[in-house]
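Novice: Below: one structure in structure tokens.
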Amino acid sequence: MSGAEGGTSPEEMVADAHRLRRIYDDGLGAGGSAGTPRPVVSDSWQRSLAAHVDPEGRLPPLIYLADELKEVRTGHPLHAVMPLLRSTLVSIADEAMHVMLVTDADGTVLWRDGAHGLLHSADDVGLVEGTRWAEETIGTNAMGTALAVDEPVRIHSAEHLVRAYHDWTCVAAPVHDPDTGDTIGAIDISGPLHTVHPALVQLVTATAHLAENQLRVRLAIADERLRVKNMPHLAALRGSEGALLSASGRVIASEPYGLFPERIRLDDGVDRVQLGDGREMAVERLAEGYLLVPPSRRRGRVVPAAPTGAPRPLELRFTGGGGPRVTLDGEEFAATLRPAEILTALALHPDGLSGEQLTLMLYGEDGNPTTVRGEIHRLRSSLGAELLLTRPYRLAAGPQADFLRVRAALRDGRVSDALDSCHGELLPRSDAPAVRELRDELVVGLRHAVLASDDVAVLHRFVVHPLGTDDLEAHELLLDLLDRDDPRRAAVAARAEHLRD
């Protein structure tokens, strides 16, 4: 654990701040006679300067607007432990004139609370919800540095790289996912340099551990629910080997016991996996995890009966990262790439395709219709013969698909709706001719529509969208349209400068 050097009384903290400012003025110039910063600070300065952070800069970039934060918070794992964090830290922060901040793994502040008298001062330096405090965006600071070194850190006064924060002392500790071990965020206490007590390092660290313990308890409860609900699948194997996995690939139960590793990596959409000892297992997606069974014991997908004449609802989400997802009768499951390509082609041609036409769309001139027939056979076994029809190949009812919504919105000139429906590139790993053509159509069409709109709100949504985050022209156009005092301007300008570099 790293902490600031110096005394513990307010007078000693202020004196130490003066010493650190002399080191700062020497260390960032050509001098160095005043001494050197602590290694954790020196290393952070080097990382920050290498990322082109300006020591004379002012505010961190704004990533989320207020109306975007609710959804982001709800989906974040630390949302479940916020009552614990508030009960542990906010009362202390109120009494001691501090601010409590909680970030995600990227250093973006999702929650803020604390002394009301200090919140206005925090506003002035960008210590607000929605701003990003990673080292590469705002330099050395407790939140960003704790995430960078993955340990608790106190950054005192001029240990901050950006001069605007030299009147602040901040203490932060990372929080880890008890399932994967990944860092999911940081907890921070910040305040004026003369008010922060050294014991806050221990308090914030202990609170981070409490949060992890509560997440661990919730994980154990979820594991038990998964085990109880799905153990019949293992029992149905009647002695054959098999394993029940969490959504992250952790083995919850297995038959026989001890035959499987603690965790098995599963890529998105895979239907088979090879274990370290060479065994191959079939992968079946469950609502909350996975079932591994020998390929010969793979169960057919249970297809619920639909009312006579009623089309079964099919939803396709094929844009963006995370792999293609299919929702059928309200149950979502991952799809491998080839079935997703077939469903894309059929969704684009509701009147149906011959085997030769579908082969050309999936494989080009070198394709073999026999291969396509085999793919269709497997897909019909999974989705149900009444949903995927033959002669010609077609879907019994038009699916709800994100790529179709994007296409329709662009054709109607509804740029905002197109952005709502698009989560990124269409099946980015696909090389199927039909998918490549549609992917290019959507990417180029969406970009053109956004740039032609001259709409600040639409442009800002695009530059933080997966398709626009690296688009320098869009960033520069947005800068031309934003008011000089618009709070989004700093983040857009910083990203544009990074893209120019």
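The values are calculated or read from the model by the stated rules, or taken from the named source; none is laboratory data. In this text the structure is predicted, and so the values were computed from the model without any measurement. Cβ placement follows ideal geometry from the backbone for every residue including glycine, while neighbour counts extend to all protein chains displayed. In case anyone asks, the SASA skips ligands and DNA or RNA and just uses the protein heavy atoms, side chains included. Shrake-Rupley method; radii C 1.70, N 1.55, O 1.52, S 1.80 Å.
Novice: Given the criterion of a type in the set (Gly, Ala, Ser) and more than 30 Å from Asp16 (Cα to Cα), identify the matching residue among Ala164, Ala253.
Specialist: Checking each option against the conditions leaves just Ala253.
Novice: Considering only the range 241-274, how many residues are over 26 Å from the mean Cα position of the chain (by Cα) and open to solvent by less than 30 Å² (accessible area, probe 1.4 Å)?
Specialist: Result for the range 241-274: 5.
Novice: Show the residue pairs that are 6+ apart or on different chains and have beta-carbon atoms under 7 Å apart, the first residue being within the range 105-116 and within 18 Å of Val149 (Cα to Cα), the second being among the β-branched types (Val, Ile, Thr) and surrounded by fewer than 19 Cβ atoms within 10 Å (Cβ to Cβ).
Specialist: If the second residue must be among the β-branched types (Val, Ile, Thr) and surrounded by fewer than 19 Cβ atoms within 10 Å (Cβ to Cβ), the pairs left are Ala105/Thr183.
Novice: Still on this structure, please answer the following. Considering the range 420-454 alone, what residues qualify as being closer than 15 Å to Ala340 by Cα and either under 21 Å from the mean Cα position of the chain (by Cα) or among the aliphatic types (A, V, I, L, M) (or both)?
Specialist: Correct list: Glu425, Leu426, Leu427, Pro428, Arg429, Ala432, Ala434, Val435, Leu438.
Novice: Count, please, the residues in the range 473-494 that happen to be part of a helix (DSSP H, G or I) and open to solvent by less than 50 Å² (accessible area, probe 1.4 Å).
Specialist: Qualifying residue count, the range 473-494: 10.
Table: residues versus (1) hydroxyl-bearing (Ser, Thr, Tyr); (2) open to solvent by 10 Å² or more (accessible area, probe 1.4 Å); (3) more than 22 Å from the chain's Cα centre (by Cα).
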{"position": "Arg132", "(1), (2), (3)": "no, yes, no"}
{"position": "Glu136", "(1), (2), (3)": "no, yes, no"}
{"position": "Glu159", "(1), (2), (3)": "no, no, yes"}
{"position": "Asp177", "(1), (2), (3)": "no, yes, no"}
{"position": "Ile184", "(1), (2), (3)": "no, yes, no"}
{"position": "Ile187", "(1), (2), (3)": "no, no, no"}
{"position": "Leu200", "(1), (2), (3)": "no, yes, yes"}
{"position": "Leu210", "(1), (2), (3)": "no, yes, yes"}
{"position": "Gln214", "(1), (2), (3)": "no, yes, no"}
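Novice: Out of the residues in the range 305-319 meeting the condition of being in contact with an Asp or Glu (Cβ under 8 Å, 6 or more places away or on another chain) and at pLDDT below 90, tell me which one is least open to solvent (accessible area, probe 1.4 Å).
Specialist: Selected residue: Arg312.
Novice: Let me ask something additional. Condition test on Glu497, is it part of a helix (DSSP H, G or I), surrounded by fewer than 14 Cβ atoms within 10 Å (Cβ to Cβ) and of a type in the set (Asp, Glu)?
Specialist: yes
Novice: Now a separate question. Count, please, the residues in the range 112-130 that happen to be over 11 Å from Leu59 (Cα atoms) and open to solvent by 30 Å² or more (accessible area, probe 1.4 Å).
Specialist: Number satisfying all stated conditions: 8.
Novice: Something else: Run down Ala345, Ala397, Ala334, Ala409 and say which single residue is at pLDDT below 85, more than 25 Å from the chain's Cα centre (by Cα) and of a type outside the set (D, E, K, R).
Specialist: Ala397
Novice: Taking the range 113-151, which residues are in a helix (DSSP H, G or I) and small (Gly, Ala, Ser)?
Specialist: Answer for the range 113-151, where residues must be in a helix (DSSP H, G or I) and small (Gly, Ala, Ser): Gly117, Ser121, Ala122, Ala142, Gly144, Ala146, Ala148.
Novice: Can you run down the residue pairs with Cβ atoms below 7 Å, 6 or more apart or on separate chains, where the first is in the range 78-91 and without any contact (Cβ under 8 Å) to a residue 24 or more places away in the chain and the partner is part of a helix (DSSP H, G or I) and of a type outside the set (Gly, Ala, Ser)?
Specialist: If the second residue must be part of a helix (DSSP H, G or I) and of a type outside the set (Gly, Ala, Ser), the pairs left are His79/Arg73.
Novice: Sort out for me the helices (runs of 4 or more DSSP H) sitting completely within the range 324-418 that have 1 or more residues that are within 26 Å of Glu288 (Cβ to Cβ).
Specialist: Counting at least 1 such residues, we get 337-348, 369-383, 402-411.
Novice: Turning to a different aspect of this structure: Could you give every pair whose Cβ atoms fall below 8 Å, whose first residue belongs to the range 444-457 and is among the β-branched types (Val, Ile, Thr), and whose second residue is in a loop (DSSP other than H, G, I, E, B), counting only separations of at least 6 or pairs across chains?
Specialist: Every condition considered, the pairs that remain are Val450/Gly468; Val456/Leu482.
Novice: Then there's this: When you go through (1) closer than 22 Å to Val201 by Cβ; (2) under 29 Å from the mean Cα position of the chain (by Cα); (3) open to solvent by 60 Å² or more (accessible area, probe 1.4 Å); (4) at pLDDT 90 or above one by one for Trp45, which number turns out not to apply?
Specialist: Against the list (1) closer than 22 Å to Val201 by Cβ; (2) under 29 Å from the mean Cα position of the chain (by Cα); (3) open to solvent by 60 Å² or more (accessible area, probe 1.4 Å); (4) at pLDDT 90 or above, Trp45 comes up short only on (3).
Novice: Sticking with this one: Suppose the filter is free of Cβ contacts under 8 Å to residues at least 40 places away in the same chain and in contact with a Leu (Cβ under 7 Å, 6 or more places away or on another chain); does Glu288 pass it?
Specialist: Criteria not met by Glu288.
Novice: May I ask you to say which residue of Arg373, Arg394, Arg378, Arg338 is without any contact (Cβ under 8 Å) to a residue 60 or more places away in the chain and under 23 Å from Asp440 (Cβ atoms)?
Specialist: Arg338
Novice: Within the range 160-217, count every residue that is touching a Gly at 6+ places or on another chain (Cβ under 6 Å) and part of a loop (DSSP other than H, G, I, E, B).
Specialist: Counting residues in the range 160-217 that are touching a Gly at 6+ places or on another chain (Cβ under 6 Å) and part of a loop (DSSP other than H, G, I, E, B) gives 2.
Novice: Failed condition for Asp417, given (1) within 26 Å of the chain's Cα centre (by Cα); (2) closer than 30 Å to Gly355 by Cβ, with all others met?
Specialist: It fails just one condition, (2).
Novice: Take the conditions surrounded by fewer than 24 Cβ atoms within 10 Å (Cβ to Cβ), in contact (Cβ under 8 Å) with a residue 24 or more places away in the chain and among the basic types (Lys, Arg) and apply them to Arg227. Does it pass?
Specialist: yes
Novice: Quick check: is even one residue across the range 464-476 within 26 Å of the chain's Cα centre (by Cα), of a type in the set (Gly, Ala, Ser) and over 21 Å from Gly320 (Cα atoms)?
Specialist: no
Novice: Right, next: Would you point out which residue out of Asp402, Asp412, Asp431, Asp471 is farther than 30 Å from Val128 by Cα and in contact with a Phe, Trp or Tyr (Cβ under 8 Å, 6 or more places away or on another chain)?
Specialist: Every option except Asp402 fails the conditions.
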